[in-house]
Structure formats: C-alpha cells, structure tokens
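Asks: Take a look at the following structure, please.
Any read-out appearing in this document is the output of simple, stated calculations on the displayed coordinates, not a laboratory observation. No experiment lies behind these values; they were computed from the predicted model shown. All Cβ positions, glycine included, derive from the backbone under ideal geometry; neighbour counts span all protein chains shown.
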C-alpha cells in the first residue's frame with residue numbers, strides 16, 4: 001500500500017491531467033452511445049456541447065449587433081436597464097435604427113407642443129398618467145376601478161416566477177401606483193405587499209379551484225372579501241405564447257407553498273386544460289362573467305390572443321344587444337411569451353399584436369360600444385414609442401411582462417422553463433434567488449415605470465395632447481412594403497378609433513375610484529425621488 005502511495009506522490013500534475021483525459025477518451029469511445037461527436041472525436045467533442053450550452057450568451061454579448069437580437073435586442077434591454085437604475089437612458093449622435101424598414105413607425109408631432117402651466121396636475125406630479133376609462137362604470141359594478149397608471153405588470157404567476165421576483169414586482173407597483181396582475185397561479189403572499197392587484201385565473205382555476213378541479217364561486221367570493229387590494233378579475237381565455245393550449249408547470253418547480261396556493265398535489269406536473277369547464281360558448285362565458293361580477297362587485301374582464309374573429313363578433317353582438325359582458329379586454333399579441341410553449345405555437349399560432357388589436361378593436365368599434373370597454377394592450381409594448389402606437393389604435397393602457405422582468409435583472413437567458421434561471425427570477429432554487437435584493441429591485445421597477453411614463457408624457461405633449469388617450473390613428477405613420485411607402489395607421493388598417501371620453505388629468509386625479517396610493521401622496525404633497533431629481537435637473541439647466 002505504501003508503495004502505491006509513493007508512486008502516486010511522484011506523478012506530476014500534468015500526469016494526472018493526462019490520466020483524466022485518457023479516462024474521458026475511453027468513456028467517449030466505448031460507452032458514449034448517444035452522442036456521435038463525442039464518440040468520433042473523444043475529449044475535444046465535449047467542447048462542442050459546452051459552446052452550444054452557452055450559445056445564447058455568446059450571441060447576446062459577442063455575436064449579435066445592438067439591433068438584431070430577439071425577442072429584445074441589446075438597445076431595448078439597455079434602455080430598460082438604464083431606466084430601472086435611474087441612469088442616463090438617452091443616446092447621442094442620432095438614431096442607429098433602420099428608419100426605412102417595413103413596419104417602422106413615425107409619430108407626427110405638433111408644430112406647437114402642449115404647454116403645462118403651474119396649475120396643471122402634471123406640473124407638480126409629472127409621472128401621473130391614469131387610465132382615461134374606468135373599469136366597470138358602464139355595467140355599474142359595485143366597485144369600479146380606474147388604474148392610476150397606464151403601464152402595469154402583466155399576468156405572470158408565482159410558480160413561473162420566483163417568490164422574490166413576485167415580491168419585487170408587487171412592491172415596485174405599489175411605489176409606482178400600478179397594478180400587479182397575479183397570473184394564473186393564484187394569489188400568493190408575495191402579491192400582498194401593497195399594490196393594487198388584478199386577480200387572473202385560467203382553465204386550471206388555481207386559487208379558486210374546487211376539490212374536483214373546477215371553478216369555485218365560494219372561494220372566489222372569500223378571496224375578494226379577504227383581500228381588498230384585488231380591484232378587478234381577469235379570465236384568461238388564451239395567451240400569446242400558446243393560445244388554445246393548456247399551460248404546464250413542471251413538477252421540478254412545484255414547492256409545497258405553490259401546491260397549497262394552487263390547491264394541487266406535490267410531485268406532479270401541473271397541467272391546465274386548453275378549455276374552460278365553467279363555460280363552453282360565448283353566451284355562457286358572458287353569463288359566467290356577470291355571475292362573478294354580481295357576486296364580487298368587481299369589474300371582470302377577459303384576456304385572449306387573437307386569430308379567428310367569428311366569436312369576437314358574437315361577443316360584440318351580445319354586448320350590444322344585452323348591455324352585459326366584460327368590463328375590460330386584454331389583447332395579447334402572438335409575440336408575447338413569458339410562458340413555456342412549443343415552438344410551433346410560439347412562432348405561428350395567433351396574430352402579432354398590431355394585427356390582433358386592430359382586428360378586435362374594429363369589431364367593437366363597428367358596434368359602437370368601445371366606450372364601454374377598457375382595452376388593455378400587451379405584447380412587447382414596454383417602450384414609449386410603441387405605447388403611443390397602441391394608444392393611437394385604441395388601447396387605454398398597456399401591460400408589460402418581460403420588460404418588467406428585465407427591469408429587475410432578467411438577462412434574457414431564455415431558461416425560464418427549466419428552473420435554472422441564472423438571475424433567480426424564474427427559478428425556485430434558493431441559492432439563485434439569494435441574489436435578488438427585493439428593496440432594490442422594487443425601486444428599479446418603479447424607476448422603469450417612472451421613466452416610461454415621463455417619456456410617454458413628453459411625446460404626448462410634443463404632439464399637442466394632454467393625455468395619451470387623445471392620440472388618433474392619423475398621428476402615427478407606418479412604413480409599408482412595395483410602393484405604399486408610408487401611410488397613417490388609419491389608412492393602413494381602414495378605421496379611426498372612437499373618441500375616448502377624456503376630460504382632464506385633474507378629473508382623473510379627483511376620481512373616487514382611482515387606484516394605487518397616489519391620492520395619499522397627493523394629499524400629503526409628497527414627491528417621488530425621481531420627481532425631485534428631475535425638478536433639480538430642470539432648475540439647474542435653467
């Protein structure tokens with residue numbers, strides 16, 4: 001035994017390296033039956049698989065240019081990062097966009113901009129942009145709701161997102177006076193940090209699920225009674241990532257806490273069916289919506305991706321004839337995608353936002369009932385210019401999902417579905433979550449929303465308007481292919497949006513149904529840190 005130890009001690013370090021490589025080579029040649037490259041090129045073949053595993057990171061930081069990467073390019077992510085960190089998000093030396101490419105948009109500014117005087121609410125509160133419409137006002141719900149922010153967090157559930165990520169988003173929404181959509185994973189403790197909440201459920205009815213797996217009205221009523229921060233309820237029909245296909249939460253991401261919140265067993269994949277069991281057609285869906293609204297007193301809406309229009313037309317007809325139906329409609333573009341989905345669904349099923357929204361809005365415009373509905377737009381709209389386009393087409397507010405994730409540190413690693421997210425945002429690995437500082441990330445969400453609203457309001461004023469709801473289809477041009485060159489949205493899509501019943505920002509501020517914590521801040525005349533910074537900057541420049 002001592003002789004063997006003596007031999008081992010005299011072997012140099014490079015000898016151990018050669019021995020290790022020899023063992024790997026033997027394993028590759030004689031035992032690697034599933035990988036041709038490793039069998040034919042032992043040892044060095046491993047380099048191929050290593051480079052493949054870090055391919056997204058290599059392309060993101062080395063290969064791709066600033067404007068070519070998808071779903072969000074480096075410039076887009078950089079603007080969100082800088083905004084979230086309250087850093088300089090400007091650029092110099094002119095645009096590096098290809099302004100002649102198809103679908104590029106131009107916003108038509110006014111010769112004379114809208115002027116704020118000292119008596120205007122936005123003079124003292126420059127980041128206040130409430131939704132121009134009130135959810136549930138037409139249908140006279142007992143608890144109508146006006147969102148205090150036109151940018152809010154879209155449906156992302158606790159389960160798909162980690163506890164610290166959800167908590168960061170909720171606390172950030174509280175500071176920004178935005179609402180936080182729960183996603184279909186139920187209302188978790190991390191959604192209860194002070195922000196307004198839109199409770200969202202899908203075909204799995206998680207959080208309001210009966211023992212048999214169907215919808216429980218009793219649990220819904222109790223949930224709303226116990227949680228007054230729930231201001232509206234959203235029924236998910238489908239989502240942009242995988243419309244018409246049920247969701248899957250892998251067993252590896254299901255903790256005891258998630259199982260309790262969703263009322264599901266541990267150790268099994270959670271499968272949401274592709275269709276609802278509570279209704280099977282449009283008239284039954286309208287009845288279901290009205291039953292929930294009557295039982296809870298809250299506005300009730302639907303969320304859907306868009307393809308065929310037959311059932312949308314049926315819904316519009318029913319709403320026109322009966323004065324019943326959803327108080328708000330969230331249109332999710334096919335380019336959406338926080339949920340895991342088969343590539344065939346994510347790439348090809350359902351229309352992209354601009355086509356989806358114009359199709360659906362036009363259905364309700366033709367019936368003359370757009371004023372009854374709060375239209376919420378979703379699908380890569382977390383940038384001020386894209387938001388202007390959405391408002392011009394008829395949107396009343398926008399929801400952001402991946403942009404909100406980027407604001408708290410998402411690096412677009414695209415590993416959301418396998419519980420290995422390196423930033424801890426979409427994993428339940430405690431070690432990876434440990435890097436999330438909730439207080440810091442909440443402030444970043446607020447800063448991103450603040451910068452977004454600031455820039456959107458500046459564009460609005462540059463076009464001569466007081467509020468984004470006043471944009472029309474003629475205020476935005478879009479590049480088209482062939483010989484059409486550039487046309488307005490109105491000429492391109494063949495309609496003008498209906499006039500939104502906007503009165504004034506002051507009326508929004510005084511609205512008794514206004515959500516968020518803004519009314520408290522207004523009464524105390526408390527300014528945000530960003531507002532003070534901006535005001536100081538203006539005074540210094542003057």
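Asks: Quick check on the chain: helices-only [θ] at 222 nm, where DSSP H runs of length 4 and up contribute -39,500 (n - 2.57) each and the sum goes over total residues. Nearest 500, please.
Replies: When only DSSP H runs of four or more count, the value is -11500 deg cm²/dmol.
Asks: Now a separate question. Order of 80-88, 24-32, 394-402 by packing, highest average Cβ count within 10 Å first?
Replies: Ranking the peptides 80-88, 24-32, 394-402 by packing returns 394-402, 80-88, 24-32.
Asks: Further, regarding this structure: May I ask for the angle, rounded to the nearest 10°, between helix 384-393 and the longest principal axis of the chain, with both axes built from Cα atoms and the value confined to 0 to 90°?
Replies: On a 0 to 90 degree scale, this one is about 50.
Asks: Now for a separate question. Set the Förster distance to 60 Å, then compute FRET efficiency between residue 41 and residue 118 from the Cβ-Cβ distance, nearest 0.05.
Replies: On the way: r = 74 Å, r/R0 = 1.23.
The formula returns an efficiency of 0.25 here.
Asks: Then there's this: At what distance in angstrom do the alpha carbon centres of the range 163-194 and the range 249-288 lie from each other?
Replies: Centre-to-centre distance over Cα atoms comes out at 20 Å.
Asks: Something else now. Mind sorting 332, 34, 359 by how few other Cβ atoms lie within 10 Å of their own Cβ, fewest first?
Replies: Details: 332 30, 34 7, 359 17.
Result, fewest neighbours first: 34, 359, 332.
Asks: For the pair residue 430 and residue 252, how long in nm is the line joining their label points, each one 7 Å along Cα→Cβ?
Replies: Between residue 430 and residue 252, the label points sit 1.9 nm apart.
Asks: Also: Measure off 7 Å from each Cα along the Cα-to-Cβ vector at residue 99 and residue 506, then give the distance between these two points in nanometres to one decimal.
Replies: That separation, rounded to one decimal, is 3.8 nm.
Asks: Relative contact order of the chain: what whole-number percent is it, with Cα pairs under 8 angstrom and at least 6 residues apart?
Replies: 20
Asks: Hey, of [x] 1.08; [y] 1.03; [z] 0.99, which did the structure itself give for Cα Rg over 2.2 N^0.38 Å when calculated?
Replies: [x]
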